[in-house]
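Comments concern the structure below.
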Amino acid sequence: RAHEAQKTQAATRAAEVAAERRTEQQSAAEEKDEADRALAEVLREVAEARAARAEEEQSSAEAEQAAQEAAAEEERQLREREENQRRDEEAAAAAAAEEQRLRQEAEDAATRRREEEAARRAAEEAMRKQREAEEAKEAERRRREAEEADRRKREDEEAAARKAAEEEEERKRKAAEEATERKAAEERRRKEEEREWKAAEEKKAAEERKEAEEKKKAEERKAAEEARLKEEERQRVLRENDAGTRALAQMMGGTLKTKKDLSPLEIQLDKELWMDQIPEDEMTEVQLAAFKEYKDKEKALLDEQDKYRKQLDTELKKLRSEIQELTEQFEKVLKELHHQRFAHDAKFFCQELYCVRLQLALMQSVEDDVVLKQYARDSEEAQGKLQEASDKFDEFSAEVAGKRARQDDRVRQEREAASAQNFRQQFAASGLEPEVVGTLLQLFRKKKPLPPGAAAPEDKNRRKSEGRRGSQMVHVASAAPALAPGVDPYADLGAAPVDAGADAAGQDVVLECPEGVDDASFQRMLELRRERLAIEAEVQRGAAELAEMGGLQTHYQAERDRAEEVHGQLEQELAEHVDLMKREEYDIEVLFKLKQGQVEVPQAAVVTDYSDAVIIGSEAVESRNRRILELGKDKVSTLETIKEFRKKLSLIQWEYQMLQMQTLDLEERTKDVHMLRVTKGLQSLLKGGEESRNRAEAELLDRKIEHLKSNSAQKEASLKKMHLAGAHTAKQRKTENAMLEKKLRELQQNVIQREHIRRLRAPQGGGPQGGHERGEKPKIIGGGGRIEENEAAVKATHQGFREVKTRQELMNAAKRHTEEIDLLTKELDRLRQRTFPSFVQLHEDRSPPDFRLPH
């Protein structure tokens, strides 16, 4: 439970961290979207302001155009004499208005540039803040990811270590299983071979028996066939001479059934011969009555046969339906039995599989016991070898320690014998001069000659250092030359030592007595020198023995280490095997029948390994899912609250910006009014003189509307007449086309007939083929009026068609260009007639951008 609680806490912490990360990412994305929306809103409002201004100018221009056209029409009709003067005034006013418009456009352009610059700066500031926020969040996210990566790395390393240990255990267990399975497979193979051999023998014996039986049956069938043929021949002979059969055939028609027993289909009417020979007109009254009676019986028999056939058809359909029902019932029962068989087979196979797995478990247990006993025996043997090697090493180590102590004493004596102080003390009472004593000391220290091939001896200091390092003979022994395998490295152990004094005496140099030294002192020096050489020889021999003993000690130590290593490895394998047996003791294989949709183990190609699968209760999964849904709902509610709050905040910001724009628009309109140039027309309009002018324009427009209506009615009447004339003409053309088509069909039929006649009259060799000359009638070469075509004439005709088409396209283009020129001329006149500004205000859509309906 503690482990499950820890898992739950870890999963909850991971879910919270992931949720926080997602929330931060969503917040960053929302802030970025909000900044983008703000920028888009600013740009859109600027574009809308430009579009509104353009629409306002266009509307005012259209209104001015309509008013100017009406005024121009009225003035052209009523005041033609004052046209030049009015045009001059209008031109001056237009120039002034154009100047005012240009100045206003320049101010508007400057204002728009300022607005765009402010919007661009605001957008850049918002983007900069957004980038800073994103960079800060990205740094925090990277830091958290690094921490998470470190934590995951540590967990992965721990999991890898655990997995490696588990894999090692699994490998050993699988190796043991494979060995057991190989043995079992070998045993099964041997048994299978024996079974196959027995089966082959049985099959061979069965085939021999079968052949004997078939041979016997063939003989029996042959005898039966001969008996049957004999019986048939006897029956045939009896039938030929059977009087009863002949009488039945002659008297009863070969059957014992009466007319009552016959079915309507089996009844046959006997028709007399004269009914087929004599025509009905030549028959007598008696014959006619008999013939009529025959016809009535025949008709009644046909009716009865028809009824009987229908009855038989009904019975047949009924029997077929019953057979179909019985077949369906049988198939249904068979299908159920088939399914039951599959289900029982599955249960049997599961039980057999369970028995096989139990058998394998028992065999594995037996093998584990055998392996355990073998490990125990090997461990005991290794323990005995280790104890023997340890005892041998300890005894020899004690011997080496004693030898080393004695060698230390010899080294100390050698030092005292070879010291100058000891030598001078020996000659202190002789009365010799110090220089003479020094000469004797040199002779005393003189080295003896080395035998041929011997190495140069080391100096005294080196010998002293070797004496002091007597306890480190292992390193000296390691430098000894390697011996061939099978050779005893310690063959001289226990041999009689060589007399060092004799060796020294036999190999010493001949020394001469120096001047000023008496014989007694010289002999004393020689005696001291022989003693020193004897001690040095003993020291050298002891050092060699210690080196050899160090090598032997290293050999014993290596044997002990190898025995200890082998024993430790066996103990470890024994402990691992015991642990494996304990685990397998409670690792019982159980068969489960699970639904395929609930098994989340990856399926293998042949056999899926469920050894490491874990069975989880449905309640645990459902509770975890419910918890996840609760957390998700909480997060969603929090995000909904944040969304509503930000939506309100965006609405407030939009209203604030809208009010700012309205204030700026009012200020610009006030500037326009202040900078407006007042003309005479504007003064009259402000004083109220516009009403009479409007009435005159309204009357003019009414007259113009009436005139347009009358013109439209006349045009409609003329178009109707043209339509009726066109319909009448089309009707006549259709009639003519029908007549021509009928005539064409007749001509085509005549052409086909004449072509057929011409082909019949044409000579067999065929006539010349080719085109016709100019002016000649083209030849008909097929049915339906098809004529022989001239390629040159066809090309000329196509060229003429292309020229006509090109000319028509040029005419259409010229007409289109003329219409465009007329439109441009009218537009130029309209622009020239602009004389005063318009105060027409367009309706503005002041609803929030998020709630505007699409147009």
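The values are calculated or read from the model by the stated rules, or taken from the named source; none is laboratory data. Everything quoted here is computed from the prediction, not taken from an experiment. Here the Cβ is made from the backbone with ideal geometry for all residues, glycine too, and neighbour counts use every protein chain on show. Just so you know, the surface numbers come from the protein's heavy atoms only, side chains and all, with ligands and any DNA or RNA stripped out. Shrake-Rupley method; radii C 1.70, N 1.55, O 1.52, S 1.80 Å.
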(message) Based on this model, can you work out whether residue 601 counts as on the phi < 0 side of the Ramachandran plot, under 30 Å from the mean Cα position of the chain (by Cα) and open to solvent by less than 80 Å² (accessible area, probe 1.4 Å)?
(response) yes
(message) Among the listed residues 589, 565, 545, identify the single one that is among the acidic types (Asp, Glu), touching a residue at least 60 places away in the same chain (Cβ under 8 Å) and not in a loop (DSSP other than H, G, I, E, B).
(response) 545
(request) Starting from region 388-405, keep only residues that are under 11 Å from residue 546 (Cα atoms), then list their pairs with residues that are of a type in the set (D, E, K, R) and open to solvent by 70 Å² or more (accessible area, probe 1.4 Å) whose Cβ atoms are within a distance under 6 Å, requiring at least 6 positions of separation or different chains. (result) none
(request) Could you identify the single residue in 405, 417, 376 that is farther than 30 Å from residue 527 by Cα and not in a loop (DSSP other than H, G, I, E, B)? (result) 376
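Out of all the residues in region 650-670, is one or more more than 60 Å from the chain's Cα centre (by Cα) and surrounded by 13 or more Cβ atoms within 10 Å (Cβ to Cβ)? Please lay out each step first, then the result.
Taking region 650-670 and keeping what is more than 60 Å from the chain's Cα centre (by Cα), we get 666-670.
Then keep just the ones that are surrounded by 13 or more Cβ atoms within 10 Å (Cβ to Cβ); that gives 668.
Within region 650-670, one or more residues are more than 60 Å from the chain's Cα centre (by Cα) and surrounded by 13 or more Cβ atoms within 10 Å (Cβ to Cβ).
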(request) Considering only region 410-433, state which residues are modelled with pLDDT of 70 or more, surrounded by fewer than 14 Cβ atoms within 10 Å (Cβ to Cβ) and not polar (S, T, N, Q). (result) 412, 416, 420
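Would you point out the residue of region 301-313, among those that are free of Cβ contacts under 8 Å to residues at least 40 places away in the same chain and open to solvent by less than 90 Å² (accessible area, probe 1.4 Å), that is farthest from residue 263 (Cα to Cα)? If you could, list the steps in order and put the result at the bottom.
Going residue by residue through region 301-313, those that are free of Cβ contacts under 8 Å to residues at least 40 places away in the same chain are 301-303, 306, 310-313.
Imposing the further condition that a residue be open to solvent by less than 90 Å² (accessible area, probe 1.4 Å) reduces the set to 301, 303, 306, 312-313.
Numbers: 301: 11, 303: 13, 306: 12, 312: 11, 313: 15 Å.
Top of the filtered list is 313.
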(request) Select, from 644, 622, 655, the only residue that is touching a Pro at 6+ places or on another chain (Cβ under 8 Å) and of a type in the set (D, E, K, R). (result) 655
(request) Of the conditions (1) out of contact with any helix residue (DSSP H, G or I) (no Cβ under 7 Å at 6 or more places or on another chain); (2) closer than 27 Å to residue 41 by Cα, residue 654 clears all except one; give me its number. (result) (1)
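Which of the following residues is over 21 Å from residue 359 (Cα atoms) and at pLDDT 80 or above: 584, 576?
On the way: 584 fails: over 21 Å from residue 359 (Cα atoms).
The unique qualifying residue is 576.
Table: residues versus (1) of a type in the set (S, T, N, Q); (2) open to solvent by 100 Å² or more (accessible area, probe 1.4 Å); (3) touching a helix residue (DSSP H, G or I) at 6+ places or on another chain (Cβ under 6 Å).
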| site | (1), (2), (3) |
| --- | --- |
| 335 | no, yes, no |
| 339 | no, yes, no |
| 345 | no, no, no |
| 349 | no, yes, no |
| 364 | yes, no, yes |
| 374 | yes, no, no |
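Listed here are the residues, each with its yes/no results for (1) open to solvent by 100 Å² or more (accessible area, probe 1.4 Å); (2) at pLDDT 65 or above.
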residue: 203; (1), (2): yes, yes
residue: 209; (1), (2): yes, yes
residue: 223; (1), (2): no, yes
residue: 230; (1), (2): yes, yes
residue: 235; (1), (2): no, yes
residue: 243; (1), (2): no, yes
residue: 246; (1), (2): yes, yes
residue: 256; (1), (2): yes, no
residue: 260; (1), (2): yes, no
(request) Could you tell me which residue of region 115-142 is farthest from residue 24 (Cα to Cα), considering only residues that are in contact with a helix residue (DSSP H, G or I) (Cβ under 6 Å, 6 or more places away or on another chain) and of a type in the set (Gly, Ala, Ser)? (result) 119
(message) Among (1) at pLDDT below 85; (2) surrounded by 15 or more Cβ atoms within 10 Å (Cβ to Cβ); (3) of a type outside the set (Val, Ile, Thr); (4) part of a helix (DSSP H, G or I), there is one condition residue 393 misses while meeting the rest; what is its number?
(response) (1)
(message) Can you confirm whether residue 659 is within 30 Å of residue 27 (Cβ to Cβ) and not acidic (Asp, Glu)?
(response) yes
(message) Taking the criterion of being in contact with a helix residue (DSSP H, G or I) (Cβ under 9 Å, 6 or more places away or on another chain), polar (S, T, N, Q) and surrounded by 10 or more Cβ atoms within 10 Å (Cβ to Cβ), would at least one residue in region 618-635 satisfy it?
(response) no
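Pick out the one residue from 735, 729 that is open to solvent by 70 Å² or more (accessible area, probe 1.4 Å), farther than 30 Å from residue 95 by Cα and hydroxyl-bearing (Ser, Thr, Tyr).
On the way: 729 fails: open to solvent by 70 Å² or more (accessible area, probe 1.4 Å).
Matching residue, one of 735, 729: 735.
Could you pull out the residue among 153, 172, 163 that is in contact (Cβ under 8 Å) with a residue 12 or more places away in the chain, open to solvent by 70 Å² or more (accessible area, probe 1.4 Å) and either part of a helix (DSSP H, G or I) or within 30 Å of residue 361 (Cβ to Cβ) (or both)?
Values: 153 fails: in contact (Cβ under 8 Å) with a residue 12 or more places away in the chain; 163 fails: in contact (Cβ under 8 Å) with a residue 12 or more places away in the chain.
The unique qualifying residue is 172.
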(request) Could you please let me know if residue 194 is over 26 Å from residue 356 (Cβ atoms), in a helix (DSSP H, G or I) and open to solvent by less than 100 Å² (accessible area, probe 1.4 Å)? (result) no
